[in-house]
Amino acid sequence: MAAPASARKRRSFNLFDSIEKPVEWLIRLCGWSSILGIAAIFAFILKEAAPMVPNLDWIHFFTSPRWIPNPATGNEASFGALALLVGTFTTTGIALVIAVPVGLGAAVYISEFAKGKVKETLKIVIELLAAIPSIVWGFIGLMVLGPLVKGVFTAEPGSLWSKVMVTLHLASSDIGASQGTNLLTGGIILALMSVPLIVSLSEDALRAVPDSFREAALALGANPWETVRRVLFPAARNGLLAACMLGMGRAVGETMAVLLATGHSNRIPAALTDPVRTMTATIAAEMGETVHGDDHYRVLFILGIVLFVITCGINVASDLIVKGVKKGNKA
Amino acid sequence: MITNQSIHRGIQAGAVAILTAGLLSAGCGKNDQAAGGSSTSPAPAAGKTIEIRMKGSDTMIQLVTAWAEAYRKVKPNVFVNANGGGTGTGFAALQNNNTDICNASREIKKEETEKVKATTGKDVKEFVVAYDALAVYTHPSNPIKAISIEELREIWAEGGTMENWDQLNPGFKGKFVLFGRQNNSGTYDYFREHICGKKDGKQREFRGAISELNGSAEVVENVSKTPTGIGYSGMGYKTPAVNWMQVSGKKGEAGVEPGIEAARSGKYPISRKLYLYTAGDPAPEIKAFIDWILGPDGQKIVEKEGFVSLK
């Protein structure tokens, strides 16, 4: 009985031995797959956009808000993407103005002040927030937040609130916001979507500050606020900045939520509650029915490249900032 | 160090997520279109399989596809291949014998009739199969109930002069909030052609700042939430939460209430006929298909798709 058992053992050992190499390669491939994926995606969008690159009026593209990709018979198409760029940057800007203070505040609370069960619960709930699909966020923007924003930004013409809104460019007309789906609604939804990312990355950065820093601050008689502001923030500065930039990247690239929540109207907003239209939403809304290979199709891919360049820029910038941490530590 | 690594990981994950988001949604759209292009799969072996090729109007593609699908249940051996591309493309295909039926959202032009005659030797046959009527929707609280085509032009066309409701009626304040369809829809084309009109022999485009929405029902939904809103959409999408405006051809004329009878009679200015054209008398199986379209079953589908039926 003993002999066959040991033979089986040896055979199985040989089996593992023979598959070791392929498995090693498989794991190596997994490691490289993200780089391969990025290269393939970039090659694809570049290939689809390439024939249009020399033919596109680039100055018009970046300076005109006239986006008429499907002109009437006999008219020339106009690919002016200025309003789309402005739409993307304004919604992202509003998202950051809201998400950065809230996200950093939440991270400080979770990392420095919350204890035990509260801390664990908060962390789990914030991760749950990150798991909500973007289309659900868009739906909330359209059905819940939109009417709320419209309700707040509504006034009788001539009333004080109406004058305040017009003077401060909160609304472009004296009756207030024309529709619930607008720049502000889109920005708030994007903020809610980037907060979880900012919180968890910032919390990582704060936790990485050695406890000896906190102890030293305490020994010097600093109160908790002084510890956070004078010791933890400077020490974790680069990590926090990188967290915010990734939150910004999340906001720039978001598609479905902004398609539903911003009003999808091609214009340069004059007030906080004007509807806008982003580059991502334009690609999503128009790509489905373009003729494969025509100018409109290719210009949408050029919009994709512009987005790619923006997000890559953000990522490289945050990467450099993180490298700055390393240098700082060595010095 | 842990911080740095986790941020690095975050950077990579973030980059991939951002990139795929936009492109994936674009890719899905393409697949949808491919699925819509040819409507039905080839028939199972139930006698000889007959293919009917239809090409033309993008406005009608949903309707034609719905007909094709329903007709499969009536005649399982007839395979209707429905394609869009535009009415002009459909007429070109009819000349080159690349299609059996041209779906047209306008009447055939004289030179197109002549070309078909020249290349195929046959006269075109025309079948009116439905009416398409667009209603101009407003909020129920809006006191302005009638409008003319000229006023609509100033509101919607590029370079138009109307920005505020009080230009129509001093008693109603606020800017026009415009809701339309996305720029590749047939409804967008039709409204642009009928409302924006021509300037120096060229079709005028829509102005900017119109919310371009991806569905007819979405236009109505948005208007119902916007007191100063105005939007165009198919007549079939009316709900109690919105009003539709009476439209007159010229300023000063009495507006015509949209409605099925007004659309059929041609009194309502934003309505048109939808046609099918064949080169010469259609072959028996094609004739049977067209007869079915003109019959009660085909016309029921017309109403279901948001158009106005013949009777």
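The numbers here are math on the coordinates, done by the rules we state, and not lab data. Keep in mind that what you see is a predicted model, and the values were worked out from it rather than measured. Glycine gets a Cβ as well: all are built from the backbone with ideal geometry, and neighbour counts include every protein chain shown.
Modelling each spin label as a point 7 Å along the Cα-to-Cβ direction, I'd like the B:ASP166/B:LYS304 distance in nm, to one decimal.
It is 5.0 nm.
Would you mind getting me the FRET efficiency between B:SER141 and A:GLU226? Use the beta-carbon distance for r and R0 = 51 Å, nearest 0.05.
Numbers: r = 56 Å, r/R0 = 1.09.
Efficiency at R0 = 51 Å is approximately 0.35.
On average, how many beta carbons from a partner chain sit within 10 Å of the beta carbon of a residue in A:275-287?
Values: counts 5, 1, 4, 0, 1, 6, 3, 3, 6, 9, 9, 7, 10.
Per-residue shielding by partner chains comes out at 5.
How big is the gap, in Å, between the Cα center of the stretch B:107-144 and the Cα center of the stretch A:232-310?
After rounding, the separation between the Cα centres reads 39 Å.
Work from the charge dipole of the stretch B:133-271 (Cβ charges, +1 for Lys and Arg, -1 for Asp and Glu, about the Cα centre) and give the residue of B:SER211, B:SER271, B:GLY236 farthest towards its positive end.
Of the listed residues, the answer is B:SER271.
Going Cα to Cα from B:LYS145, which lysines come in below 23 Å? Please leave out same-chain ones fewer than 8 positions away.
The qualifying lysines are B:LYS173, B:LYS175, B:LYS225, B:LYS238, B:LYS250, B:LYS251, B:LYS267.
Starting from the Cα gyration tensor of the stretch A:1-150, take the square roots of the eigenvalues, sort them a ≥ b ≥ c, and report rounded, prolate or oblate (rounded when a/c is under 1.5, otherwise prolate if a/b is larger than b/c, else oblate).
It is oblate, given that a/c is not under 1.5 and a/b is not larger than b/c.
If amide hydrogens are placed 1.01 Å from N in the peptide plane, which non-local residues have theirs closer than 5 Å to the one on B:LEU213?
When sequence neighbours closer than 5 places are left aside, the close amide H contacts are B:GLY180, B:ARG181, B:GLN182.
Along each of the three principal axes of the Cα atoms of the stretch B:133-271, give the extent in whole Å, ordering the values from largest to smallest.
So the extents along the principal axes, rounded to whole Å, are 39, 34, 34.
List the residues whose amide H sits under 5 Å from the amide H of B:PHE176, counting only those 5 or more places along or on another chain, with H placed 1.01 Å from N in the peptide plane.
The list, which skips near neighbours in sequence, is B:ASN164, B:TRP165.
Using the Karplus curve 6.51 cos²θ - 1.76 cosθ + 1.60 with θ = phi - 60°, work out ³J(HN,Hα) for each residue of the stretch B:271-278 in order, rounded to whole Hz, and write x for Gly and Pro.
Taking θ as phi minus 60°, the curve returns 9, 8, 8, 10, 10, 10, 10, 10 Hz for the stretch B:271-278.
Would you check chain A for Lys pairs whose C-alpha atoms are within less than 28 Å, ignoring same-chain pairs closer than 8 in sequence, and give me the count?
5
Between A:ASP57 and A:LEU129, what length comes free when the chain is fully extended (0.36 nm per residue of separation minus the Cα-Cα distance, one decimal in nm)?
Taking A:ASP57 through A:LEU129 to full extension adds about 21.7 nm, to one decimal.
Taking the Cβ of each residue in A:TYR109, B:TYR268, A:TYR297 as the centre, tally the other Cβ atoms inside 10 Å and list the residues starting with the fewest.
Ordered from fewest to most neighbouring Cβ atoms within 10 Å, A:TYR109, B:TYR268, A:TYR297 come out as A:TYR109, A:TYR297, B:TYR268.
Sticking with the crude label model, points 7 Å out along Cα→Cβ, report the distance from A:ALA216 to B:ASP281 in nm, one decimal please.
For A:ALA216 paired with B:ASP281, the spin-label model returns 10.1 nm.
For chain A, what is the calculated [θ] at 222 nm in deg cm²/dmol (nearest 500), taking -39500 (n - 2.57) for each run of four or more DSSP H residues and dividing by its residue count?
For chain A, the value works out to -22500 deg cm²/dmol.
For the stretch A:185-247, just say rounded, prolate or oblate: build the C-alpha gyration tensor, square-root its eigenvalues into a ≥ b ≥ c, call rounded for a/c under 1.5, and beyond that prolate if a/b exceeds b/c, oblate if not.
It comes out prolate by the Cα gyration axes.
Determine ³J(HN,Hα), in whole Hz, for all residues of the stretch B:226-243 in sequence, where each value follows from phi through the Karplus function 6.51 cos²θ - 1.76 cosθ + 1.60 and θ = phi - 60°; x replaces Gly and Pro.
Residue by residue, the stretch B:226-243 yields 10, x, 9, x, 8, x, 10, 6, x, 4, x, 9, 4, 10, x, 7, 9, 9 Hz.
About the Cα centre of chain A, how large is the charge dipole given +1 on each Lys and Arg Cβ and -1 on each Asp and Glu Cβ? Please answer in debye to the nearest 20.
Computed about the Cα centre, the dipole is about 1360 debye.
Within 10 Å of each Cβ in B:203-210, how many Cβ atoms from other chains are there, averaged over the peptide? It would help to have the intermediate numbers written out before the result.
Numbers: counts 5, 2, 8, 3, 3, 11, 12, 5.
Mean inter-chain Cβ contacts per residue within 10 Å come to 6.
Using θ = phi - 60° and the Karplus curve 6.51 cos²θ - 1.76 cosθ + 1.60, what whole-Hz ³J(HN,Hα) does each residue of the stretch B:259-269 get, with Gly and Pro shown as x?
Each residue's phi maps through the Karplus curve to give x, 5, 5, 5, 6, 5, 7, x, 5, 6, x Hz.
Which helices, counted as full DSSP H runs in chain A, have an axial Cα extent of no less than 15 Å and a Kyte-Doolittle average of 0.0 or above?
Span-like helices, by this rule, are A:2-49, A:82-108, A:116-131, A:183-207, A:237-253, A:295-330.
Under a plain spin-label model, where a point goes 7 Å from the Cα along Cα-to-Cβ, how far apart in nm are A:ILE268 and A:LEU168?
2.4 nm
Under a no-solvent Debye model with one identical scatterer per Cα of the stretch A:98-199, what's log10 I(q)/I(0) at q = 0.10, 0.14, 0.23 Å⁻¹?
-0.40, -0.67, -1.08
Just check the protein assembly as shown against the gyration tensor rule for me: Cα atoms, a ≥ b ≥ c as the square roots of the eigenvalues, rounded for a/c under 1.5, and otherwise prolate or oblate depending on whether a/b exceeds b/c.
Oblate, since a/c reaches 1.5 and b/c is not below a/b.
What is the set of long-range amide H partners of B:SER248 at a cut-off below 5 Å, with H atoms built 1.01 Å from backbone N?
For B:SER248, whose amide H was placed from the backbone, the distant partners under 5 Å are B:ILE147, B:SER148, B:ILE149, B:VAL256.
Per residue and in cubic angstrom, what volume does the convex hull of the Cα atoms of chain A have? Before the final figure, lay out the partial values.
Working: hull volume 89.9 nm³, N = 331.
Per-residue hull volume (Cα only) is 272 Å³.
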